[in-house]
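J.: Next up is a structure, given as structure tokens.
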Amino acid sequence: MTVHRLSATTISKRWYLLLIEMLIVAERQKDHPVPAESLFLDPASVCCRFSILFTISGHLPRTTVQYQCDIILISSGFKALTPQQKDDAMTTNEKSVKIPSGWMLLPFVIIGFLTAASLIGFFIYGCVNEQPRPWQLISGILTLATSLLLSNGFFTFQPNEATVLTLFGKYIGSARNHGFQWTNPFQTRKKISLRSRNFNSPTMKVNDKRGNPIEIGAVIVWKVQDTAHAVFEVDNYKSFVEVQTESAVRQLASNYAYDDGEEGETTLRSGRDEISKALATRLQERLKNAGVFVEEARLSHLAYSPEIAQAMLRRQQAEAIISARKKIVEGAVSMVEMALKDLTDKKVVELDNERKATMISNLLVVLCSESEAKPVLNTGTLYN
């Protein structure tokens, strides 16, 4: 433990304020002790325990105060980064650069080639006349080498194409101005197409939310949006798109039922628009690290697997038959009810409950029968 005796008149204003702050912390520690670990705000913080003994002099009465507390020294200028900030710092984002037009430098390169040819020609002419001049040969070779080096910087690319430029492994930027261009011949150039592309995933056999095996396939329309991410964040962005698309389709199929969902539930068969939006959202989340933008995503194939296709077909047919029968019965009952009501209101005939039941039975047989009903004429009385 270290004891320091200081006077307020002999220290600077900065240290005086620091001591006052330490006293406040000490007072709080007395009433509400706080673990030292919870006071650390920075990995570079240093904690030390010592005792302060100083005297406040001046216009105030002479007072001696002694405190024992934990002093936390926080280094200035250091700020801890969150994991997201660290990932962003390590990510290479696209930088747009403007490169000069190749037509501006082409005349100089042509002049260089002509100059090199002239110098070498003069040297050969001097050798023939037995008056060689070595400096002409050296100058011609150097001029020719320089012209060849500069000519290596010419390149062309079409609209909706970008070129990623790197110099000795360092990312310089991405150029998107099309036409005849020139850049540093020592820079490495990689062309990337910015046009929209289609990817039709193969038909995959997966299980839906109910566990039924189904066959599903999708088609997506995508294009490169960030060239730096496409080149530096993934090894091969084309294969990355294919693999992530298949994975997203499998995940989507396992989260939705094929067609036997609960009431109000979205299914793969009935909610095509919602399924397409969900698939596009999932793909965009997966492909954003590769600098790819998903323009559209839709299911291209959806069916039951062959091993259960016949059983599911019979189930669908049974459901269709039940639904049709239900409609027929509801219509027949309403027609019978209407007939009895009209007979009663118009007082055409008065029937007891037994005769009403017989009439209802006959009408339902006629209206609900699959085959054509054959009428039977009754020439007698209904009460025999």
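Just so you know, all these numbers are worked out from the coordinates, no wet-lab data involved. Remember, it's a predicted structure, so these values are computed and weren't measured experimentally. Don't worry about glycine lacking a Cβ; one is built from the backbone with ideal geometry, like all the others, and counts go over all protein chains shown.
J.: Are there any chymotrypsin sites (Phe, Trp or Tyr not before Pro) in region 178-230 that are in a DSSP loop and have at most 13 other Cβ atoms within 10 Å? List them by number. Mind showing how you got there, number by number?
T.: On the way: sites: Phe180, Trp182, Phe186, Phe199, Trp222; in loops: Phe186.
Loop-located and lightly packed - Phe186.
J.: Can you pull the semi-axes for region 203-361, root of five times each eigenvalue of the Cα gyration tensor, sorted largest first, whole Å?
T.: On the way: eigenvalues 654, 58, 18 Å².
For region 203-361, the semi-axes come out at 57, 17, 9 Å.
J.: Cross-link list Lys170/Lys223; Lys205/Lys326; Lys190/Lys288; Lys190/Lys277; Lys277/Lys327: which exceed 30 angstrom alpha carbon to alpha carbon?
T.: Working: Lys170/Lys223 25 Å; Lys205/Lys326 35 Å; Lys190/Lys288 20 Å; Lys190/Lys277 33 Å; Lys277/Lys327 35 Å.
The answer is Lys205/Lys326; Lys190/Lys277; Lys277/Lys327.
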